[in-house]
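This report refers to the structure that appears directly beneath it.
The values are calculated or read from the model by the stated rules, or taken from the named source; none is laboratory data. Bear in mind that the values here come from a model prediction, so they are computed numbers and not experimental data. All Cβ positions, glycine included, derive from the backbone under ideal geometry; neighbour counts span all protein chains shown.
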Amino acid sequence: MNCKQIEKFLSPYLENDLSQEKKTLVENHLKECPKCSELLSYIREAKNSLAEIPEIDISPSFMKKLYKIPKKKKRFTLSFDFLFKPALQPLLAAAMVLITVLSLYTVNPNRDKINKYINQYIHAGYSKVERLYARAESLTNSLAGYKEDILFSIKNIDFFEKNTIKKMEDINE
């Protein structure tokens, strides 16, 4: 084992928390390596020094006072961190495209031609929608005469399916 690996085991070695295999590996390395032996002696010295420091018992009244201290209220700070969240990036990209198009439109010298083209395009789309609506209305009116027949057919689909299945079974037999 190298010194870096042994350094991880020095503290558990002092606490007797190592398995017998690792303990013998550490001891063999310590016999050969003066740097790790010196580090172990420093760790032992620090441990002994810390053991000499007395523990302080905190009185219950002092603990109560500590628990009564109110938490600091958060002060409002203006932050734009939410803008950098990945979920908002597509929305921000779309907003930037819209702002760019609007700014190019407002400074364009041919704005009147653009308005005329947009107006024609909107009216063409509106007339297509009107024609589709008229066709749908005429289809609805033409089907009105067959309403009773369609409803009767829908209600009896289950009856026809059963008869069809029965006929298929008769044919297969």
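Which residues, counting only those in the stretch 17-70, are under 29 Å from ASN2 (Cα atoms) and acidic (Asp, Glu)?
Within the stretch 17-70, ASP17, GLU21, GLU27, GLU32, GLU38, GLU45 qualify.
Can you name the residue in the stretch 67-106 that is among the aromatic types (Phe, Trp, Tyr) and assigned to a helix (DSSP H, G or I) and is also farthest from ILE118 (Cα to Cα) among such residues?
Looking at residues that are among the aromatic types (Phe, Trp, Tyr) and assigned to a helix (DSSP H, G or I), I get TYR67.
Find the residue count for the stretch 127-154, including only residues that are surrounded by 10 or more Cβ atoms within 10 Å (Cβ to Cβ) and not in a helix (DSSP H, G or I).
1
Out of curiosity, is ALA124 part of a helix (DSSP H, G or I), more than 30 Å from the chain's Cα centre (by Cα), at pLDDT 90 or above and of a type in the set (A, V, I, L, M, F, W, C)?
Answer is yes for this residue.
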